[in-house]
Amino acid sequence: TARSTGSAMKPTPVFESYWRFAWERQSIYERRLRAPAGPWSNDPILNTYRFTNAFRAADRVSQYLIAEVQLGQDRPQSPREVFFRTILFKLFNKIETWEFLERELGPIVSTDFDYEQTSQLFDQLLAEGKRIYSAAYIIPAPPFGHRRKHANHLELLFRMMEARLPERLAQLPSLANVYESLLEWPGLGRFLAFQFTIDLNYSSMLHFDESDLVVAGPGAIDGIAKCFSELDGMTPEQVIMHVHQNQEQLAGAYRLSPPSLFGRRLQPIDCQNLFCEISKYARVAHPEIVGAANRTRIKQKYHLDHEPIPYPTFPADWNLEMRVTAFLSAGASNRPDKSTNRKVVSSGTSSCDVTP
């Protein structure tokens, strides 16, 4: 039917920009990997404002999660420990918060983690006027009755561990089942439960295909409204899946190619993120197309940073390490060696679905 094939969808000029943005944003990432000094783009909008990478797993915080929190040296790889570290990190989603905790507490393991001490440490940071949460997306507090938001989130993690959630998730047969199990917990709405599901799937704990699941966030819904004047009754998730499954043909209609991550196609979560990012990009490039959220400006400016992007680390299941090595070996000679380039620095990106 037309609903399942997307044949009756009506793209606007923003949808062509979607593919041009995706290609150029990935090209910037690749240029930065090879040549930290730049220049990386001639696009004035990309040079002025902050946007995420085309591929979510290549973004700064995702790279830190994969390389340091999940796969870091001597990190235990049992489902219980991987889950604990991943969710503790993602509840705050801020590299500086994680590094602060490990300076104060030592390497983080679930067996001797002191929830009350951690809550008190966060109280101290807040008293000093420091932020412990990222602004990447809204993380509401679960209703456990604590005065501080972070205390409620630590209580959530404690209850998850007490319920043996890591062991249960590791036994589930699909990515959708993991998502549905996370969605049952207070404070985890549809979009946040989806994000956490994908984050856990980066680790050694889960081994599902990313193309099995997508949930549209508010930014992506706005981007879809800008890219299409007619959806033929399709839900945002169906639109994203349609774009993922037909990316070569859809980009090819504009004589373009979709970007790839060292040969890996855009996955549904990447297409979702790109709809969010084109929502922002179109505020400047296509101000006449208002979308669903009716926002008119991009808040976050890009500040030029010539620090090299750390050596990329991706889930082992993706089998990208040899391709990454070959790509970098063919690049500039001033690329730092992998063994000396583990510190994650700002990549000039920002997550979408920020608090308005």
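Quick one: pull the percent of accessible area on the range 163-244 belonging to carbon and sulfur, 1.4 Å probe, ligands and nucleic acids left out.
Values: 1500 of 2820 Å².
Taking all protein chains in place, the range 163-244 shows 53 percent carbon and sulfur surface.
Determine which residues of the range 99-137 fall in the zone a paramagnetic label at ARG147 would reach in this model, i.e. backbone nitrogen under 15 Å from the point 7 Å along Cα→Cβ.
Within reach of a label on ARG147, which here means backbone N under 15 Å from a point 7 Å along Cα→Cβ, the range 99-137 contributes 119-128.
Using a probe radius of 1.4 Å on heavy atoms only, what accessible surface per residue do you get for the range 58-150? Whole Å² is fine. Intermediate values should be presented prior to the final figure.
Numbers: 4320 Å² over 93 residues.
Solvent-accessible surface per residue comes out at 46 Å².
With only Lys, Arg, Asp and Glu charged, each at its Cβ (+1 for the first two, -1 for the last two), find how big the charge dipole of the range 159-243 is about the Cα centre; round to the nearest 20 debye.
Computed about the Cα centre, the dipole is about 260 debye.
In the range 75-127, with Lys and Arg counted as +1 and Asp and Glu as -1 at Cβ, which of these residues, LEU125, PHE113, ILE95, has the Cα nearest the positive end of the dipole, that is, farthest along it?
Of the listed residues, the answer is ILE95.
If we sort 58-68, 309-319 on the protection proxy, mean other Cβ atoms within 10 Å, highest first, what's the order? Present the calculation step by step, with values, prior to reporting the outcome.
Details: 58-68: 21.5, 309-319: 18.6.
By packing density, highest mean first, the sequence is 58-68, 309-319.
Can you compute the helix-only [θ] at 222 nm over the chain? Use -39500 (n - 2.57) per DSSP H run of at least 4 residues, normalise by all residues, nearest 500 deg cm²/dmol.
Rounded to the nearest 500, it is -14000 deg cm²/dmol.
Where does the range 171-250 land on the Kirkwood hydrodynamic radius, alpha-carbon pairs, in angstrom? Intermediate results must be reported in sequence, preceding the final value.
Values: mean 1/r = 0.0720 Å⁻¹.
By the Kirkwood definition, the hydrodynamic radius is 13.9 Å.
Pop a pseudo-label 7 angstrom from the Cα along the beta-carbon direction at both GLN245 and ALA35 and give the gap in nm to one decimal.
Computed distance between label sites GLN245 and ALA35 equals 4.0 nm.
How large is the charge dipole for the chain, taken about the Cα centre, if only the Cβ atoms of Lys, Arg (+1) and Asp, Glu (-1) carry charge, to the nearest 20 debye?
Value, rounded to 20: 920 debye.
Let me understand the chain better: what is its radius of gyration from the alpha carbons, and its Dmax, in angstrom?
Considering the chain through its Cα atoms, Rg and Dmax are 20.3, 59 Å.
Cα centroids of the range 1-53 and the range 161-190: how far apart, whole angstrom?
33 Å
Holding the Cα-Cα limit at 22 Å, pick out from LYS90/LYS301; LYS90/LYS280; LYS149/LYS301; LYS94/LYS130; LYS94/LYS226 the pairs that are longer than that.
Pairs exceeding the cut-off: LYS90/LYS301; LYS90/LYS280; LYS149/LYS301; LYS94/LYS226.
From a point 7 Å beyond the Cα of GLU99 in the direction of its Cβ, which residues of the range 49-73 have a backbone N at a distance under 18 Å?
Residues 59-73 fall inside that zone.
Under 12 Å from the Cβ of PRO268, count the other residues' Cβ atoms, weight Lys and Arg +1, Asp and Glu -1, and hand me the total. Please report the intermediate quantities before stating the final value.
Working: positive: ARG56, ARG265; negative: ASP209, GLU210, ASP212, GLU237, ASP270.
Once all neighbours under 12 Å are counted, the net charge is -3.
Please compute, for the alpha-carbon atoms of the range 129-210, the extent along each of the three principal axes and give them in descending order in Å.
Principal-axis extents of the range 129-210 (Cα, largest first): 41, 27, 21 Å.
Between LEU200, LEU105, LEU183, where does the largest GNM mean-square fluctuation fall for the chain, given springs only between Cα atoms within less than 10 Å?
LEU105
Determine the gain in length on full extension of the stretch LYS130-TRP318; use 0.36 nm per residue of separation and subtract their C-alpha separation, reporting nm with one decimal. Show your work: numbers first, answer last.
Values: separation 188, 0.36 × 188 = 67.68 nm, distance 3.69 nm.
Extra length from LYS130 to TRP318 when fully extended: 64.0 nm.
Rg/Rh for the range 12-122 to two decimals, with Rh computed the Kirkwood way over all alpha-carbon pairs.
Ratio value, two decimals: 1.11.
All other residues with a Cβ under 15 Å from the Cβ of ARG147 taken together, and with Lys, Arg as +1 and Asp, Glu as -1, what is their net charge? List each step's numbers first, then the result.
Working: positive: ARG148, LYS149; negative: GLU116, ASP123, GLU155.
Residues close to ARG147 contribute a combined charge of -1.
The range 69-125: D in µm²/s via Stokes-Einstein (Kirkwood Rh, Cα pairs, 25 °C, 0.890 mPa s)?
For these conditions, the coefficient is 210 µm²/s.
For VAL284 and SER211, what is the calculated FRET efficiency with R₀ set at 35 Å and r taken between the beta-carbons, to the nearest 0.05?
The calculated FRET efficiency here is 0.65.
The values are calculated or read from the model by the stated rules, or taken from the named source; none is laboratory data. Note that the structure is predicted; figures quoted are calculated from it, not measured. All Cβ positions, even for glycine, are placed from backbone atoms using ideal geometry, and neighbour counts span all protein chains on display. For accessibility, only protein heavy atoms count, side chains too; no ligands or nucleic acids. Shrake-Rupley method; radii C 1.70, N 1.55, O 1.52, S 1.80 Å.
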